[in-house]
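Only one structure is covered here, and it is reproduced in the block below.
No lab work stands behind these numbers, since they all come straight from the coordinates. These numbers were taken from a predicted model, which means no experiment stands behind them. We place every Cβ from the backbone using ideal geometry, glycine too, and count neighbours over all the protein chains shown.
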Amino acid sequence: MSARYDVVIRNGWIVDGTRFPRYRADIGIRDGVIAKIGTIAPADAARVLDAEGLIVAPGFVDLHTHYDAQIHWDPYCSNSGENGVTTVIAGNCGFAFAPCKEADRDRYMLMMENTEQVPYQHMKTMLPWTWETFPQWLAHLRALKKGVNMMMLMPINPLLCYVMGTDAAKSRRPTADEMAEMKRLIHEAMDAGAAGLGVSLLGNDNSHTDYDGSSMPSDVMHRDDIVELASVLGERDEGFIQVLAQLGNHRETDVIERIAEVSRRPVLLNIFVTTDLMPDFHRPHLEWLSTVNARGLRIYGQTFAQRGFSEFNVLEFNINDHIPEWRQISRLHDKAEKKCLIADPAHRARMRASYDPMVLSFGSGPLEVITVSSVGDAPELQKYVNRSLGEIAAEEGKHVIDVLFDISLATDLAADFRTPSPVGTDPHRTAELLLHPQTLAGTSDGGAHMRFFSGGHWPTELLIWLVRETGVISLEEMHYRLSYQPARIAGLGGRGALLEGMAADIVVYDFDALWMKTEKYDLRFDFPGGDWRRYTPTEGYRWILCNGAVTHENGQPTGVTPGSFLGLRPLTGWAA
């Protein structure tokens with residue numbers, strides 16, 4: 001007689017994601033779905049997972065990733081998959097690979113390399129380019145083996161380039177015919193399974209620059225045009241819109257409100273943070289969210305709440321590209337040319353003259369508080385390791401600009417530097433940010449910035465820091481924020497909670513044993529061609545299941561790839 005359930009998770013403490021108090025029960029899974037929650041005999045299971053003393057919770061939903069390329073060589077989207085993320089949404093910030101004409105393939109990859117730091121050679125080696133249109137791209141993604149579920153936003157930059165051409169998209173508005181064609185293509189993409197639209201609207205002063213140092217098309221597009229494109233979702237009454245229009249002191253709330261008004265759909269606004277430098281910085285943003293939602297606009301603030309840091313060398317770094325003198329360095333892709341520029345006395349003088357620690361606050365942070373992490377094969381420079389650039393500058397009577405570049409040149413640009421956390425480290429302010437009804441937990445930026453950042457561990461950090469260590473957020477509330485809330489906003493009916501009839505995307509973990517490395521990134525040489533990335537090690541997850549199949553056991557992938565490409569589905573009746 002065959003077993004009634006494919007998998008039974010027994011004896012665990014269920015935190016179901018809906019804010020309901022935790023309780024102890026078994027979960028029976030059949031055909032990738034939660035078939036029963038209650039008391040289940042072991043004999044009824046083909047496989048039993050003993051969760052005695054462990055937390056059983058819904059898999060995490062990450063609304064902001066850039067795994068568009070990495071999914072081609074890493075079905076688990078590391079380091080998200082091993083940290084309990086079972087659904088990722090890509091196509092964010094308006095960057096991706098479709099629609100794309102054959103002649104523009106290299107141009108798109110170069111754009112992605114500079115905006116999101118995905119190495120061109122990885123994409124050149126691993127992307128098969130069997131698509132041109134967005135429906136063809138989605139068909140390609142459906143066919144890939146995946147260890148996580150994936151949704152895809154239609155990115156506005158490729159859309160502009162495909163219809164208008166890259167140069168025209170940066171220099172003029174679309175004609176009436178071009179606008180009509182872009183709206184037709186959005187309809188076509190949504191019919192094929194797109195989740196909505198992704199766009200960046202940061203103007204000229206941001207680090208999302210094109211390969212040649214110029215601004216990306218959507219950043220400089222006329223705001224009336226993005227409002228008109230967003231109206232397509234209003235016509236269809238489906239999908240959501242991710243917009244990067246709030247970064248540092250740059251805020252474009254008027255256009256966000258117009259997008260929400262015309263689309264009548266959820267709008268996810270990046271990025272909401274706290275900062276130690278300005279303790280009240282986040283409060284006017286939260287007040288604005290309350291005001292616009294009271295008017296009926298469905299605007300949600302996507303937060304960056306984990307205490308991340310960057311560990312960079314000058315060769316790979318471009319997070320300060322909102323400053324022209326820094327952008328001049330990062331736009332040089334030849335190492336010798338880069339070394340020549342940072343050694344140039346005239347360029348150094350310009351950088352010293354324009355240096356403003358507050359302007360750097362929303363990039364690398366003030367140079368004075370950046371520490372030397374490693375000095376490569378330069379033993380004579382070991383005296384600088386773990387010391388701040390400000391301390392070294394004071395001791396040697398130099399400007400911090402000169403300290404940074406002198407150490408870099410002395411190590412052939414191999415020296416690493418660590419930034420402080422770019423966001424606030426006060427747990428009470430962070431809880432204030434996350435507990436607002438219209439804010440969302442995140443953002444991982446997974447798949448991007450791999451040379452100086454690793455963010456897929458963000459659910460692990462929030463559970464450790466805000467729930468276990470400081471207790472400022474309850475476990476039930478945190479799991480709601482990690483799973484059910486983002487699933488509802490993304491239109492993922494039947495996911496995000498542990499309820500009978502819902503998809504069996506599940507994490508089983510030891511709450512007391514959750515751990516993450518905080519002092520330094522590891523280097524992992526597991527990307528195409530043995531290339532390296534920075535990585536945050538974590539521990540504590542016993543099993544991770546996607547669609548009812550175990551994808552990770554004790555932190556290691558199992559080789560099973562049960563992930564699905566998810567289109568929009570109506571909600572199935574459970575209240576938030």
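Taken about its Cα centre, the stretch 49-106 carries a charge dipole of about 220 debye when Lys and Arg each add +1 at the Cβ and Asp and Glu each add -1 at the Cβ. Charge dipole of the chain (Cα centre as origin; +1 on each Lys and Arg Cβ, -1 on each Asp and Glu Cβ, all else neutral): 960 debye, rounded to the nearest 20. Semi-axes of the equivalent ellipsoid of the stretch 251-359 are 38, 16, 13 Å, computed as sqrt(5λ) over the eigenvalues of the C-alpha gyration tensor in descending order. Give me, ordered by chain and number, the residues 5 or more places off TRP73 or on other chains with an amide H under 5 Å from its own placed amide H. Under 5 Å from the amide H of TRP73 lies no amide H from a residue far enough along the sequence or on another chain. For the peptides 520-532, 250-262, 176-188, the ranking by packing is 250-262, 176-188, 520-532, with the highest mean count of neighbouring Cβ atoms within 10 Å listed first.
Per the Debye calculation on the stretch 370-416 with a single equal scatterer at every Cα and no solvent contribution, log₁₀ I(q)/I(0) for q = 0.16, 0.21 Å⁻¹ amounts to -0.34, -0.60.
Enumerate the amide H contacts of LEU492 below 5 Å, restricted to partners 5 or more residues apart or on another chain; note that Pro and chain-start residues carry no placed amide H. For LEU492, no residues qualify.
For the chain, the relative contact order comes to 21 percent (Cα pairs under 8 Å, sequence separation of at least 6).
Stretched out straight at 0.36 nm per residue, the stretch from ASP44 to GLU539 would grow longer than its current Cα-Cα span by 175.1 nm. Quote the relative contact order of the stretch 322-418 in percent (integer), defining contacts as alpha-carbon pairs under 8 Å separated by 6+ residues. For the stretch 322-418, the relative contact order is 27 percent.
Of the residues CYS340, CYS100, CYS93, the one with the fewest other Cβ atoms within 10 Å heads the list, and the complete ranking is CYS340, CYS100, CYS93.
Which of the three applies to the stretch 37-108, rounded, prolate or oblate, going by the alpha-carbon gyration tensor with a ≥ b ≥ c and a/c under 1.5 meaning rounded? Prolate shape, in that a/c is at least 1.5 and a/b is the bigger ratio. Ordering HIS140, HIS322 by the number of other Cβ atoms within 10 Å of each residue's own Cβ, fewest first, gives HIS140, HIS322.
The charge dipole of the stretch 322-418, taken about the Cα centre with unit charges on the Cβ atoms of Lys, Arg (+1) and Asp, Glu (-1), comes to about 280 debye, rounded to the nearest 20.
Computed extension gain for SER290 through MET278, at 0.36 nm per residue and net of the alpha carbon distance, reaches 2.2 nm.
Using a 10 Å cut-off around each Cβ, can you sort MET278, MET112 from fewest to most neighbouring Cβ atoms? Display every interim value, and only then the final one.
Values: MET278 12, MET112 26.
Lowest to highest Cβ neighbour count: MET278, MET112.
Within the chain, DSSP assigns beta bridges of which about 55% are antiparallel (rounded to the nearest 5).
Of LYS339/LYS517; LYS339/LYS398; LYS398/LYS520; LYS383/LYS517; LYS101/LYS338, which ones are farther than 22 Å apart at the Cα?
Numbers: LYS339/LYS517 32 Å; LYS339/LYS398 19 Å; LYS398/LYS520 27 Å; LYS383/LYS517 24 Å; LYS101/LYS338 32 Å.
Listed pairs above 22 Å: LYS339/LYS517; LYS398/LYS520; LYS383/LYS517; LYS101/LYS338.
Compactness check for the chain: Cα Rg over 2.2 N^0.38 Å is 0.95.
A convex hull fitted to the Cα coordinates of the stretch 176-253 yields 111 cubic angstrom per residue.
Between the listed residues MET351, VAL267, GLY567, the Cα displaced farthest toward the positive end of the dipole of the chain, a dipole computed from Cβ unit charges relative to the Cα centre, is found at GLY567.
Computed on the Cα atoms alone, the convex hull of the stretch 322-418 gives a volume of 96 cubic angstrom per residue. Mean projected area of the convex hull spanned by the Cα atoms of the stretch 92-143, taken over all viewing directions: 3.5 nm². Stokes-Einstein diffusion for the stretch 428-506 at 20 °C, viscosity 1.002 mPa s, with a Kirkwood radius from C-alpha pairs, works out to 155 µm²/s. In this entry, the stretch 368-518 is assigned a mean projected area of 12.2 nm², taken as a quarter of its C-alpha convex hull surface. For the stretch 1-93, the relative contact order comes to 28 percent (Cα pairs under 8 Å, sequence separation of at least 6).
Based on the reciprocal of the average 1/r between different C-alpha atoms, the Kirkwood radius for the stretch 467-558 equals 15.5 Å.
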